[in-house]
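In what follows, a single structure is set out as structure tokens and then discussed.
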There are 4 protein chains.
Amino acid sequence: MELVAKLSCADQPGIVNAVTSAILAGSGNILENQQFTDPITNLFVMRTKFQTELSTKEIASKFHEALNRFQINLEIFPAEYRKKTLVFASQESHCLRDLLYLSEIGDLQIEIVGVISNHESLKDLVELAKVQFFYVPRNNQIEIIKLISQIQPDLMVLARYMQILNSEICQQNIGKIINIHHSFLPGFKGAKPYHQAYERGVKIIGATAHFVTEHLDEGPIIIQDISHVDHAYEPVDLISVGRDIERRVLSKAVKLFAQDKIFLVGNKTIVF
Amino acid sequence: MELVAKLSCADQPGIVNAVTSAILAGSGNILENQQFTDPITNLFVMRTKFQTELSTKEIASKFHEALNRFQINLEIFPAEYRKKTLVFASQESHCLRDLLYLSEIGDLQIEIVGVISNHESLKDLVELAKVQFFYVPRNNQIEIIKLISQIQPDLMVLARYMQILNSEICQQNIGKIINIHHSFLPGFKGAKPYHQAYERGVKIIGATAHFVTEHLDEGPIIIQDISHVDHAYEPVDLISVGRDIERRVLSKAVKLFAQDKIFLVGNKTIVF
Amino acid sequence: MELVAKLSCADQPGIVNAVTSAILAGSGNILENQQFTDPITNLFVMRTKFQTELSTKEIASKFHEALNRFQINLEIFPAEYRKKTLVFASQESHCLRDLLYLSEIGDLQIEIVGVISNHESLKDLVELAKVQFFYVPRNNQIEIIKLISQIQPDLMVLARYMQILNSEICQQNIGKIINIHHSFLPGFKGAKPYHQAYERGVKIIGATAHFVTEHLDEGPIIIQDISHVDHAYEPVDLISVGRDIERRVLSKAVKLFAQDKIFLVGNKTIVF
Amino acid sequence: MELVAKLSCADQPGIVNAVTSAILAGSGNILENQQFTDPITNLFVMRTKFQTELSTKEIASKFHEALNRFQINLEIFPAEYRKKTLVFASQESHCLRDLLYLSEIGDLQIEIVGVISNHESLKDLVELAKVQFFYVPRNNQIEIIKLISQIQPDLMVLARYMQILNSEICQQNIGKIINIHHSFLPGFKGAKPYHQAYERGVKIIGATAHFVTEHLDEGPIIIQDISHVDHAYEPVDLISVGRDIERRVLSKAVKLFAQDKIFLVGNKTIVF
């Protein structure tokens, strides 16, 4: 059985040794291992993928035994686990299509358990993919909170969802909601970034996948990418080029999350 | 003889026909031709490279004859002309080195007629390249104005010049001063952009070549480029990666200027 | 009415002037104009988008009048015309999905008039998009020739079609069939390029959109793009990254073709 | 004191644990740690940067003690060690300039101990940088072997050296000689790759840094990069764009080598 352990704690000597002792004690063999110590917070983070014949529960107990002198945050998942994912969308479908297609062919290791939208236009697309569609009109955040509570998703993805989640939802799901912003943050925060980009005459446009916090467009950045554009691109052309960047960046961020490769440290991310 | 004509005027039918008539009247043949009409200002801009047996003066008179019913701005240069370029630098030499080397091997079609610096540390480097070095201490803008007036450069390049030119210089040289800013504008204006980028946790860093205006970091953008970075890059690493982007972007902007391929239209550029 | 004229002929003085005279004679105004003379073949190519009150037929006659002393190839289309496009696919759907979606939202200016496949697995996907699906088993090239002859497409697109068109089809449709090859040609011609790339240990993988000729993977290249990869990418990961490059590159090539921006000159393309 | 350990051996359970035990036994703390197991050769490779109060020799003995049941290859260097580097160049100076400049400012952690050239034209450039210049005419490989034997470099860099090292030199320095080839291998092996690229009409050009083996342009690839080009680029333009890619790719490969981040595994590299 292949497992992934994701752990973090204040850096100090002996952590990696303790982790590898725990894995050895479970007759395990490490397949992949990545670690990083954030120089500002001194937080040590580690992702280890390993083979073992023990169950998730048994190996977790070995970890806690070996690591009990460190105050660690630890998560252990079977490597094959598909994270339960709730997607939010509005009218633009390009990001949603990509998530549905890539999860269907197994390229994204997620199970899309529902799509919430403040419009009904994407209902057919979602239901054809055999995913449940929830129409929740704008500002009915109580309904959204209820759905989150029922579904208990591992991950929420705002796939060009043109509405702000209220602060209660943001606060209770720190590090669990990924948004795609259609500019290279911190450039062009707020509405209509492609129009802002056109006004400013920039020669590159971009998109940013970030964790959602209460502070709009200020959340920890996961990944970003850009395309080169020139004077002949009007806003409609920027939007067209942007669609491709947005879906690519968002799908990649979701893939990394699904593989337990993203750590949230303060207002930044560590991405393996 | 090969000439380049660069012209702009309010868009209206018949301009291209009039230009090509003028070239035909001079027994010329067009080698390259690019044009664009800015949809906001309705300004038409055109760059034409052509062969002719007439002199620059004779062909200019053909142009004015053919185009006298349009109110045009017209510049005609021999295609081989090397623009007289005055470079400004401080202590960082990577951009300056590139300009000196690329102009020496003929890759940049400019003649560097002097380097002004507010430090003396780059003197040897400049003089080895047989270029005149002017040490002008910080805030002696009168001396700078005098030098510009003597040298009459076609182009001024701020190659990581860590000092602001005063508004008189900016206003009298609109569209003639290129600066390299070490971020992808409009992100991270102002000082220490790599440190700002580190604080914000961005996953791309960039550089922007732009025309200098009185308003710092707000000038018309010429070109931009980026590199991907990750959580392991500390400010010193961002600076190292940034060096390569900066010199590449600045040299490319200077190359485009030298080839008469940049048009300034309002607060934007049209780059062929 | 907006029209696009696409013309080519041996380079000589006076062509652009004659074209612009023809447009002026039709009371037209040029909106976009691009031209290039290939230094090897001396072929002059030009794409002009202009406004006029004349019909396509009337303006074509003005062009022929003005240009009758040059031996030109000329095509004139209404700028809004959507090229009739026949798509070929096998089992992989990512490129096909993109073409269907982008043409549906108007981002690709084509009308997909049919999809031919040597498998039945994509039938539902195609019919949901209200496009006709033709199942043509492998090696039934006579059926394909019949369909092409009935449909008379302006463009054929091989969207990961894992079968070779016979030489009759290739020869009769020079410059009209676009293929996506899943490597950066000339690297990794032939089958299983991602496996070849893995064996060689390359650090970039790519995709190439090219016109189809009789000589497999030797056709004129239209556009190419790449992504960076590292030692941890096994063939399945290269295929996953490749999917995104392939669809992006193919859709972009189709977009350029739809806008009459691709000229075939010998074994190369000129792309505006 | 900061040390870097670089080790490889056949993969088996317990290696990481043994390494971390050795470091703990030396009262060390791990700062960076990367590892990978090649799925084809089953070779495990690891790079660990750690702090310790022991000497390099003492810690090496701890490593050998802890790891004596594994047959490991082990190298331990002080993190601050600058690798002794011998550069080979011919007439083109762009790569050499970059190596000299970047090592001078400390951005490349190497000490350039000499430049060998089959031309005398770069002598002044090299001596100005206070580096010894060796003029060795073409085909005098015995002289080169003698110089290598005297200098005992950690690394040799072929910085656009237009001559082939003989097989004796190649065989005795496996994994120690880095070359820059001016194309994206395996495309355009051999001479004049930019001319080959022009003939083929490619839309991207590139450069590849690779370890030198006896088989020209077949060595293990370290890194590669590309730039987009179009039909208007003639060979001289491709060469100009290529210069920038070459120096960037070569300097980056040298930087990675200097940091002990490159492992040679069969005909591939693992690059951390």
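The values are calculated or read from the model by the stated rules, or taken from the named source; none is laboratory data. Here the structure is a predicted model, which is why all the values come from computation and not from measurement. No Cβ is skipped: glycine too gets one built from the backbone with ideal geometry, and neighbour counts run over all protein chains shown. Surface accessibility is based on the protein's heavy atoms, side chains included, excluding ligands, DNA and RNA. Shrake-Rupley method; radii C 1.70, N 1.55, O 1.52, S 1.80 Å.
Worth pointing out:
- Taking every DSSP helix (H) stretch of at least 4 residues in chain D, weighting each as -39,500 (n - 2.57) and dividing the sum by the residue count yields a mean residue ellipticity at 222 nm of -10000 deg cm²/dmol.
- Taking every protein chain into account, the 1.4 Å probe leaves D:HIS215 with about 120 Å² of accessible area, to the nearest ten.
- For region A:176-272, the fraction of alpha-carbon pairs lying more than 21 Å apart is 31 percent, rounded to a whole number.
- Cβ-placed point charges (K, R +1; D, E -1), dipole of the protein assembly as shown about Cα centre in debye, nearest 20: 0
- Dipole magnitude (debye, nearest 20) for chain C, charges at Cβ of Lys, Arg, Asp, Glu: 200
- Expressed as a fraction of 2.2 N^0.38 Å, the value expected for a compact globular protein of N residues, the C-alpha radius of gyration of region B:83-271 is 0.98.
- Of C:LYS49/C:LYS176; B:LYS255/D:LYS189; C:LYS189/C:LYS268; C:LYS192/D:LYS203; C:LYS255/D:LYS203, pairs whose Cα-Cα distance is over 24 Å: B:LYS255/D:LYS189
- Dipole magnitude of region A:2-78, debye to nearest 20 (Cβ charges: Lys/Arg +1, Asp/Glu -1, about Cα centre): 60
- Take the convex hull of the alpha carbons in region C:2-78; its mean projected area over all directions comes to 4.4 nm².
- Most positive-pole-ward Cα, D:LEU125, D:LEU100, D:GLY175, against dipole of region D:97-183 from beta carbon charges: D:GLY175
- C:ASP38, D:ASP237, ranked by accessible area, largest first (probe 1.4 Å): D:ASP237, C:ASP38
- Calculated SAXS-style log₁₀ I(q)/I(0) at q = 0.19, 0.20 Å⁻¹ - region D:1-132, Debye, Cα scatterers: -0.94, -0.99
- Since only A:VAL16, A:VAL45, A:MET1 are under comparison, the one whose Cα sits farthest along the positive direction of the charge dipole of region A:1-122, derived from C-beta charges on Lys, Arg, Asp and Glu, is A:VAL16.
- Averaged over the residues of C:205-218, the number of partner chain Cβ atoms lying within 10 Å of the residue Cβ comes to 1.
- Applying both filters, DSSP loop and at most 16 other Cβ atoms within 10 Å, to the GluC sites (Glu not before Pro) of region B:90-127 gives B:GLU120.
- Shielding by partners - mean other protein chain Cβ count within 10 Å, residues of C:9-18: 5
- The other copies place their A:ASN73 label points at 4.0, 5.5, 6.2 nm from this one, listed shortest first, where each point is 7 Å from Cα along Cα→Cβ.
- The modelled label-to-label distance between A:ILE174 and A:SER27, using points 7 Å beyond Cα along the C-beta direction, is 4.1 nm.
- Heavy-atom SASA rank of D:PHE36, A:PHE211 (probe 1.4 Å, accessible area, largest first): D:PHE36, A:PHE211
- Shown are C:SER93, B:SER149, whose ranking by accessible area with a 1.4 Å probe and every protein chain present, most to least, is B:SER149, C:SER93.
- Averaged over the residues of B:29-36, the number of partner chain Cβ atoms lying within 10 Å of the residue Cβ comes to 6.
- Percentage of interatomic Cα-Cα distances in the protein assembly as shown larger than 49 Å: 30
- Each of B:ALA79 and B:GLU2 was given a label point 7 Å from its Cα along the Cα-to-Cβ line. The distance between the two points is 0.3 nm.
- Note on region A:152-208: Rg/Rh from C-alpha atoms, Kirkwood Rh, equals 1.06.
- Cβ-vector label at 7 Å, A:GLY266, separations to other copies in nm: 4.1, 4.3, 5.8
- For region B:2-78, the solvent-accessible area with a 1.4 angstrom probe is 44 square angstrom per residue.
- Around D:PHE133: net Lys/Arg minus Asp/Glu count, Cβ-Cβ under 9 Å: -2
- With label points defined 7 Å past Cα in the direction of Cβ, position C:ILE174 shows copy-to-copy spacings of 5.0, 5.3, 6.7 nm, given to one decimal and shortest first.
- The spacing between region C:92-123 and region B:34-105, judged by their C-alpha centroids, is 45 Å.
- Projected label points at A:MET162 and A:ASN42, each 7 Å from Cα along the beta carbon direction, are separated by 4.8 nanometres.
- Backbone geometry of region B:28-36 corresponds, through the Karplus equation with coefficients 6.51, -1.76 and 1.60 at θ = phi - 60°, to 3J(HN,Hα) couplings of x, 10, 6, 9, 9, 8, 9, 8, 7 Hz, x marking Gly and Pro.
- The protein assembly as shown - share of DSSP beta bridges that are antiparallel (%, nearest 5): 70
- Other residues lying with their Cβ under 13 Å from the Cβ of A:ASN29 contribute a combined charge of -3, Lys and Arg counting +1, Asp and Glu -1.
- Between C:LYS57 and B:GLU143, the C-beta separation translates, for a Förster distance of 60 Å, into a calculated FRET efficiency of about 0.30.
- Distance from region A:199-241 to region B:164-223 (C-alpha centre basis), Å: 18
- Solvent-accessible area of D:TYR101 with every protein chain in place, 1.4 Å probe, in Å² to the nearest 10: 20
- Residue-span extension gain [C:CYS9 to C:HIS228] - 0.36 nm each, minus C-alpha spacing: 74.8 nm
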